[in-house]
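Quick notes on the structure that follows.
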Amino acid sequence: MDEEDIVTKYILEVKDLTKEFPGVIALDNVSLHVKLGEIHAVIGENGAGKSTLMKILSGVYPYGTYKGRVIIDGSERHFRNVRESEEAGVAIIYQELALANNLSIAENIYLGTSKGSKYGIINWDQKNHEASEWIRYVGLEEQPSTIVMDLGVGKQQLVEIAKALSKKAKILILDEPTAALTENEVEHLANILRDLKKKGITSIFISHKIQEVLKISDTVTVIRDGKTINTLSNYELNEKGIISMMVGRDFSHRFPERKYQKTDQLIMEVKNWKLAKPKSLDKYVFKDINFKLYRGEILGITGLMGAGRTELVNSLFGVYGGETSGEIYVCGQKVMIKTPEDAIRRGIGLLTEDRKRFGLNLSGSIRSNISLASIAKFSKYGYINENKEIRECEKYVDSLKIKMTSLDNLITKLSGGNQQKVILARWLMVNPTILLVDEPTRGIDVGAKYEIYILMDALLKNGIGIVMVTSELPEALSMSDRVLIMREGRLVKEFDNNNLTEEIIMKYATGSD
Amino acid sequence: MQLGVIKIENDKKFQIKELILKKNVKKESRSSILSLRKINWRPYAMVIALAVIAIFFQINTNGIFLRARNFSILMRQMSIIGIITLGMALLIISGNFDLAAGSTVALAGGVAAVMQVWYGWNTLSSVLIGVLVGGLLGTWQGFWVAYRKIPSFIVTLGGLTMFRGIYLVITKGITITPLTKSFTFFAQGFVPKNLGMALAIFSCLVYTVLVIQGTASKKNYGIKPDSVIIMICKIVLVSGIIILTVIMMNYYLGIPIPVIIMLVIALLLNFISIKTVFGRNLYAIGGNIEAARFSGINIKKTIMIMFVIMGALCALSGILLTGRLDGATASAGTMFELDAIAACVIGGTSLKGGKGSISMAIIGALVMASLDNGMSLMNISSYAQYIIKGLVLILAVWFDVAAGQKNE
Ligand SMILES: Nc1ncnc2c1ncn2[C@@H]1O[C@H](COP(=O)(O)OP(=O)(O)OP(=O)(O)O)[C@@H](O)[C@H]1O
Ligand SMILES: [Mg+2]
């Protein structure tokens, strides 16, 4: 092949890219070659440098803050900001959603573009009309005027996609778009990407879900410790191969064997639990919820998005809008949980689903984020013993393998997956008897997932019970003792986890039984 | 093919990985020495800015600015707004404001003056009732913000006019004067020179002991303490500043009492903000109130307490102001809140909440006070002073934003 040929073949080339943050080399001579019109997956462990690479491509880290070359359509580009990259046809959806929560879907889609406005006055009828096409294209049923805050994370993700598409991009970059999506939605997204491919639009996406990468992508690039390990075509790949390239060693099992088994000691019982919507008592978010949790068990709760799973665990933790009714017993004692404070006092912890909104204090350090819920443990008469706090935090950083340079760095300096681990560390530190986890491994790489599963198992040894809300069916099947399925605010089925399959679960979750 | 290599040479790969890691570590330390980015530049920038301002005024006032007498006056001027600034910094860190600070100053100081002048109360009782009034006003505001979820901007905007109105109703707009000697002594008096020096030396000793103890405690917990050199530098620097300041003050009449009061409060609040659960909660609430809630922090109580503290600090400031003016005047404390907020912002407190520190806020207050004092010495008209102070505020924040972006 001669030079000419190669130049025209790739729509995007990245050559010898190096990016340093103070104290960290995030990218170390990375290269990436993306062909026109392909679906290109970029995978790698938490902190491997994937998001950093994408932020360079989209001008978030401007030219001059990195070394190396970015070539689009054969010509070298020096993006100084996001607008310039958008003009060059690059649109990106960030890992941390960047929507304006208080604006409508349509407003979000057209945020920052001035097209369609005359003398700076926006024609909202026209905008809403245009927006509704994109909204339908990504499979949302909401009105364009729906406020984004009222959507769940999954749907917000779809809004982000609609927004990126509306920019008429040539290259669409998606940083972990599927982390918050259910399987149906992932399938839907895959169809969108395939459709875009037909229209000649190239997609680059990051994901920790290997199965999905194999299913959707044409080409896969693996990054490890800031270096490109390999780029392979889809047919050359299998799950095991990808994983071992990612982690740099052989990795045969995605899920550990459960070492500690369920006992028959009851620690929590929920009876006739119901949450009525605020102001309209006859409408409910969920009702007739009855379940028991035993010491040493993982109780999986699964279902489609919007089935009320998150609302359920939040309400058990004392966070709800509306009226609850029913009874909760913890260790045989009837309890009233009105605030998270009450819940924590009763030994309940909750790892929330939306880590940016409900979990992270983005202006705080890693240390203050880890110890946030258990600061009382390190203090006497309100005085914090910081040394003790640091020691404890270090323990969790080690056991969760959080990749960082210093506990006193801002949490924003961590990669997405490592931020998730920080929040997990927060709840482990509380040392709860009942741990509610809502999508605990979202955005976490396979290696780290494995470690988190082992940790959960180890927690069971101490006699705690875990309620795990998850959309990842393999996770539910491999880790839980029992699986509850929720649909439209009700528990429709409870299974002991033997001979259970994804098909059976899906049947009940979708209501096609 | 590639995969095979990885599988077979598993161990070797691991060794390689370790080597890579080691290499990275080496690079890391080098890059941290080379690049200034890793250092938190803010304190240095503030000190440099302060030095530039001082030199500028020193030159343009023919050397009056840094004379002992002027230095003493400057510090005394600063202390009254400084006390409010300290509380305001914590309040802003928690994601709130107090626009009623100036009116609280007036009302609390006014009540204290009224008690003494009209009803003949002794100084101690008048001061106590003043602080109590401040605390009550804080409670009022805290109640609406914390328990009724009204934005602090609105509640304190209401307080701004309400409290001043109440003050004017009580005093009917006349100046309440004269106060007793002991009342004005708080604001106008000085610590005897020998006692001041003894205090300074004592503080240096305490600081040294604390540093050494801190190191020992770190070692106890297996945390790497600062190196001996850094420890010595810290002690020398801090002791140096303390002793020099006191020598300078003693050249004139000694340390002004309001300055001592402000410093004690600064130390206390600094301690609270860094070392206590309450302080940590303020940062957490300002940083992400939802995350704080989900972590079981009692947001209402924390915000309430913060407003009470703020009210009490405003009262203290009001009492000092009344003492300095030897009476409560109708316009006492107007615009104090704005000066305090400006000082906080110049000191790097983020108005979005969650970020900032007491030590930087006090430097911010010092910058503001220096500008006031220096410009007055230069005979710049008070109208022009307003303009310049406004500009400085905007420039300081712009500098912050620009530098922050670079840091990214
Ligand atoms: N703003 C920043 N300041 C300092 N270090 C950073 C910053 N952003 C990222 N890093 C560091 O750069 C490395 C790569 O981070 P990046 O976010 O690209 O990882 P990632 O591959 O996207 O991981 P994940 O799968 O967890 O999202 C990490 O070690 C991270 O701590
Ligand atoms: Mg990432």
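Values for this structure:
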| read-out | value |
| --- | --- |
| Region A:78-101, subset at pLDDT 85 or above and out of contact with any Lys or Arg (no Cβ under 9 Å at 6 or more places or on another chain), residue most open to solvent (accessible area, probe 1.4 Å) | A:Arg80 |
| Selection count, region A:173-207, where residues are under 19 Å from the mean Cα position of the chain (by Cα) and either within 23 Å of A:Ala48 (Cα to Cα) or within 16 Å of ligand 2 (Cβ to nearest atom) (or both) | 13 |
| Failed criterion for A:Tyr320 (all others in (1) free of Cβ contacts under 8 Å to residues at least 12 places away in the same chain; (2) within 14 Å of another protein chain (Cβ to nearest Cβ) hold) | (1) |
| Of the criteria (1) under 30 Å from A:Arg80 (Cβ atoms); (2) at pLDDT 95 or above, which one B:Val397 fails | (2) |
| Some residue of region A:423-439 being among the small types (Gly, Ala, Ser) and away from ligand 2 (no atom under 16 Å from the Cβ) | yes |
| Some residue of region B:309-318 being hydroxyl-bearing (Ser, Thr, Tyr), assigned to a helix (DSSP H, G or I) and without any contact (Cβ under 8 Å) to a residue 40 or more places away in the chain | no |
| First in region A:19-42 and touching a residue at least 40 places away in the same chain (Cβ under 8 Å) and away from chain B (no Cβ under 14 Å), second anywhere and open to solvent by less than 10 Å² (accessible area, probe 1.4 Å) and in a loop (DSSP other than H, G, I, E, B), Cβ under 6 Å, 6 or more apart | A:Ile39/A:Ser217; A:Ala41/A:Ser217 |
| Sole residue being within 16 Å of ligand 2 (Cβ to nearest atom), over 24 Å from A:Ile402 (Cα atoms), in the same structural domain as A:Ile223 (by TED's automatic domain parsing) and among the small types (Gly, Ala, Ser), chosen from A:Ser85, A:Ser51, A:Ser58 | A:Ser58 |
| Among the residues listed as B:Gly159, B:Gly134, B:Gly165, the single one being in contact with a Phe, Trp or Tyr (Cβ under 8 Å, 6 or more places away or on another chain), at pLDDT 95 or above and within 23 Å of B:Ile80 (Cα to Cα) | B:Gly159 |
| Any hit, region A:319-342, residues being in a helix (DSSP H, G or I) and more than 24 Å from A:Gln265 (Cβ to Cβ) | yes |
| B:Met306 being among the hydrophobic types (A, V, I, L, M, F, W, C), in contact with an Asp or Glu (Cβ under 7 Å, 6 or more places away or on another chain) and either within 9 Å of chain A (Cβ to nearest Cβ) or touching a residue at least 40 places away in the same chain (Cβ under 8 Å) (or both) | no |
| Residue in region A:54-62 that is β-branched (Val, Ile, Thr) and open to solvent by less than 50 Å² (accessible area, probe 1.4 Å) present | yes |
| Hits in region B:330-356 - residues which are surrounded by 21 or more Cβ atoms within 10 Å (Cβ to Cβ) and part of a loop (DSSP other than H, G, I, E, B) | B:Ala332, B:Gly333, B:Gly347, B:Gly348, B:Thr349, B:Gly353, B:Gly354, B:Gly356 |
| Verdict on A:Gly447 being on the phi > 0 side of the Ramachandran plot and within 16 Å of ligand 1 (Cβ to nearest atom) | no |
| Residue list for region A:225-277, filter: assigned to a strand (DSSP E or B), of a type outside the set (S, T, N, Q) and open to solvent by 40 Å² or more (accessible area, probe 1.4 Å) | A:Lys227, A:Ile229, A:Leu266, A:Lys271, A:Lys274, A:Lys277 |
| Filtered residue count, region B:202-219, keeping only those that are within 11 Å of chain A (Cβ to nearest Cβ) and more than 20 Å from A:Asp408 (Cα to Cα) | 1 |
| Selection from region A:376-386 of residues that are in a helix (DSSP H, G or I) and either more than 11 Å from chain B (Cβ to nearest Cβ) or crowded, with 19+ Cβ neighbours inside 10 Å (or both) | A:Phe378, A:Glu386 |
| Test for A:Tyr63: is it away from ligand 1 (no atom under 16 Å from the Cβ) and either under 26 Å from the mean Cα position of the chain (by Cα) or modelled with pLDDT of 90 or more (or both) | yes |
| Cβ pairs under 7 Å, 6+ apart, first in region B:220-241 and away from chain A (no Cβ under 14 Å) and polar (S, T, N, Q), second surrounded by 13 or more Cβ atoms within 10 Å (Cβ to Cβ) and part of a helix (DSSP H, G or I) | B:Ser239/B:Cys204; B:Ser239/B:Tyr207 |
| Region A:387-418: number of residues that are farther than 28 Å from B:Ala216 by Cα, within 12 Å of another protein chain (Cβ to nearest Cβ) and part of a helix (DSSP H, G or I) | 3 |
| Residue among B:Leu168, B:Leu253 that alone is away from every other protein chain (no Cβ under 14 Å), over 23 Å from the mean Cα position of the chain (by Cα) and not in a helix (DSSP H, G or I) | B:Leu253 |
| Residues of region A:194-203 satisfying the condition of being over 10 Å from A:Leu165 (Cβ atoms) and surrounded by 20 or more Cβ atoms within 10 Å (Cβ to Cβ) | A:Thr202, A:Ser203 |
| Qualifying residue in region A:411-420 (condition: within 16 Å of ligand 2 (Cβ to nearest atom), open to solvent by 10 Å² or more (accessible area, probe 1.4 Å) and of a type in the set (Val, Ile, Thr)) | yes |
| Qualifying residues in region B:285-296 (those that are crowded, with 23+ Cβ neighbours inside 10 Å and in contact (Cβ under 8 Å) with a residue 60 or more places away in the chain) - the one farthest from the other protein chains (Cβ to nearest Cβ) | B:Ile285 |
| Sole residue being among the small types (Gly, Ala, Ser), more than 31 Å from the chain's Cα centre (by Cα) and not assigned by TED's automatic domain parsing to the domain that holds A:Thr310, chosen from A:Gly382, A:Gly359 | A:Gly382 |
| Checklist (1) open to solvent by 30 Å² or more (accessible area, probe 1.4 Å); (2) more than 30 Å from B:Ile260 (Cβ to Cβ); (3) away from every other protein chain (no Cβ under 14 Å); (4) of a type outside the set (Val, Ile, Thr) applied to B:Leu199, failing item | (2) |
| The lone exception for A:Val70 - which of (1) open to solvent by 10 Å² or more (accessible area, probe 1.4 Å); (2) over 26 Å from A:Val446 (Cβ atoms) it fails | (1) |
| Residue count, region A:429-462 (criterion: free of Cβ contacts under 8 Å to residues at least 60 places away in the same chain and surrounded by 24 or more Cβ atoms within 10 Å (Cβ to Cβ)) | 1 |
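The values are calculated or read from the model by the stated rules, or taken from the named source; none is laboratory data. This one's a predicted model, so the numbers in the text were calculated from it and none came from an experiment. Positions of Cβ are generated from backbone atoms using ideal geometry, with glycine treated the same way; all protein chains shown enter the neighbour counts. Accessible surface is based on the protein model in full, side chains and every heavy atom, while ligands, DNA and RNA are left aside. Shrake-Rupley method; radii C 1.70, N 1.55, O 1.52, S 1.80 Å.
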